[in-house]
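Note sheet for the following structure.
The values are calculated or read from the model by the stated rules, or taken from the named source; none is laboratory data. All figures in this text were calculated on a predicted structure; none of them were measured in a lab. No Cβ is skipped: glycine too gets one built from the backbone with ideal geometry, and neighbour counts run over all protein chains shown.
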Amino acid sequence: MHVSLYCELNGIKNLYTNSIDLEFCEGYIDYLKSEANLMQNTVKGHIERLGAMLHKAVLYGHTINNTFREVKVQDEEVSASYFDTTEIARLYYFKGLTRFQQEIRDLFIAGCYTGLRYSDYSRLDESHFINHGTQIRIKTKKTGAVVQLPVHRFVREIFEKYGGQMPRSHCIQYFDRYIKLICRKVGFEEPVLYERTVGNGVVRKTMPKWETISSHTARRSFATNAFLEGIPPYRIMLITGHRSEKSFFKYIRITREENALSLSNHRFFQ
């Protein structure tokens, strides 16, 4: 849609694969920022999809202008929350939730201690629990990778609570909406700084922590807490399925204070 609008605004009636060059891409990026007012990572996604389309065009015998490869849009590290182990326990033991809210909460807790994506931790069933229920083994939906991990006590208790299965799942948009409301009810009101590049400017605002929580917070919390506990990154990556440390460390959300505290017992500082 955005490509069509950009061409319309610039009087481009016919767009061919070999006319998408460096100049076109730079102008398109400027449009996505200035006119469409999109976030930087969204702009990056549009450019990557355009590049993927051109790569596919080559396979079908179309000619392309290779100067488009010179265009790069940098990743932006966005503000993202996580729950430390104390906060997870606070959420897990909170009383006063309805039965429906407990199902959403328990499913989220399972994500915090498996490191799986929502598409995977929401579909766990008895067949995924192996070695007398002490480990989980599942083929992930997104990448098809098979991951295996120990079962945390909270996950085991949740599984038993629902008669040998996970709580019923919902579409991710529905889940994201209600986990926010549940976290608000629990009282996660501490302010979190939100900062992102939108269009050609930077948006900065402070919002309560509950408003920053989503299904993906569970996976981020798992990676961060495992890292803080001293588990080597490559071992965590075997569970999360990250293929590079660069992508893995985007998940780690620790403050300088937490970093100093985690290093205080290291033999280097003794």
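A few comments on the model shown:
- Filtered by the rule that a residue be crowded, with 18+ Cβ neighbours inside 10 Å, aliphatic (A, V, I, L, M) and closer than 11 Å to C183 by Cα, segment 90-114 gives L91, I104.
- When V147, V186 are checked against the criterion of being modelled with pLDDT of 90 or more and within 25 Å of D120 (Cα to Cα), a single residue qualifies: V147.
- Extreme residue, nearest to I172 (Cα to Cα), among residues of segment 123-140 that are surrounded by 13 or more Cβ atoms within 10 Å (Cβ to Cβ) and not aliphatic (A, V, I, L, M): R123
- Qualifying position, being touching a residue at least 40 places away in the same chain (Cβ under 8 Å) and over 14 Å from I158 (Cα atoms), among F68, F108: F68
- For segment 156-187, filtering for residues that are under 24 Å from T212 (Cβ atoms) and of a type outside the set (K, R) leaves 17.
- Of the candidates F175, F154, F159, F100, the single residue that is under 30 Å from A36 (Cβ atoms) and assigned to a helix (DSSP H, G or I) is F175.
- Matching residues in segment 222-250 - criterion: being assigned to a helix (DSSP H, G or I), at pLDDT below 85 and of a type in the set (S, T, Y): S247
So that you can scan it fast, the table gives a plain yes or no per residue for (1) out of contact with any Pro (no Cβ under 6 Å at 6 or more places or on another chain); (2) exposed (fewer than 13 other Cβ atoms within 10 Å of the Cβ); (3) free of Cβ contacts under 8 Å to residues at least 40 places away in the same chain:
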position	(1), (2), (3)
S4	yes, yes, yes
Y28	yes, no, yes
K72	yes, yes, yes
S81	yes, no, no
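- The selection criterion, being at pLDDT below 90, of a type outside the set (V, I, T) and either surrounded by 15 or more Cβ atoms within 10 Å (Cβ to Cβ) or not assigned by TED's automatic domain parsing to the domain that holds I104 (or both), holds for R196.
- Residue selected from segment 199-219 under the condition at pLDDT below 90 and of a type in the set (D, E, K, R), by the criterion farthest from T85 (Cα to Cα): R204
- Here M166 does not fit the description of being touching a strand residue (DSSP E or B) at 6+ places or on another chain (Cβ under 8 Å), outside any helix (DSSP H, G or I) and of a type in the set (A, V, I, L, M).
- Evaluation of R253 against (1) closer than 19 Å to L116 by Cβ; (2) modelled with pLDDT of 85 or more (one fails), failing number: (2)
- Among the residues listed as E190, E160, the single one being exposed (fewer than 13 other Cβ atoms within 10 Å of the Cβ), touching a residue at least 12 places away in the same chain (Cβ under 8 Å) and in the same structural domain as Q102 (by TED's automatic domain parsing): E190
For every residue, the table says whether it meets (1) of a type in the set (D, E); (2) outside any helix (DSSP H, G or I); (3) at pLDDT 90 or above.
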{"site": "S4", "(1), (2), (3)": "no, no, no"}
{"site": "C7", "(1), (2), (3)": "no, no, no"}
{"site": "I12", "(1), (2), (3)": "no, yes, no"}
{"site": "A36", "(1), (2), (3)": "no, yes, no"}
{"site": "A57", "(1), (2), (3)": "no, no, no"}
{"site": "E76", "(1), (2), (3)": "yes, yes, no"}
{"site": "F83", "(1), (2), (3)": "no, yes, yes"}
{"site": "E87", "(1), (2), (3)": "yes, no, yes"}
{"site": "K95", "(1), (2), (3)": "no, yes, yes"}
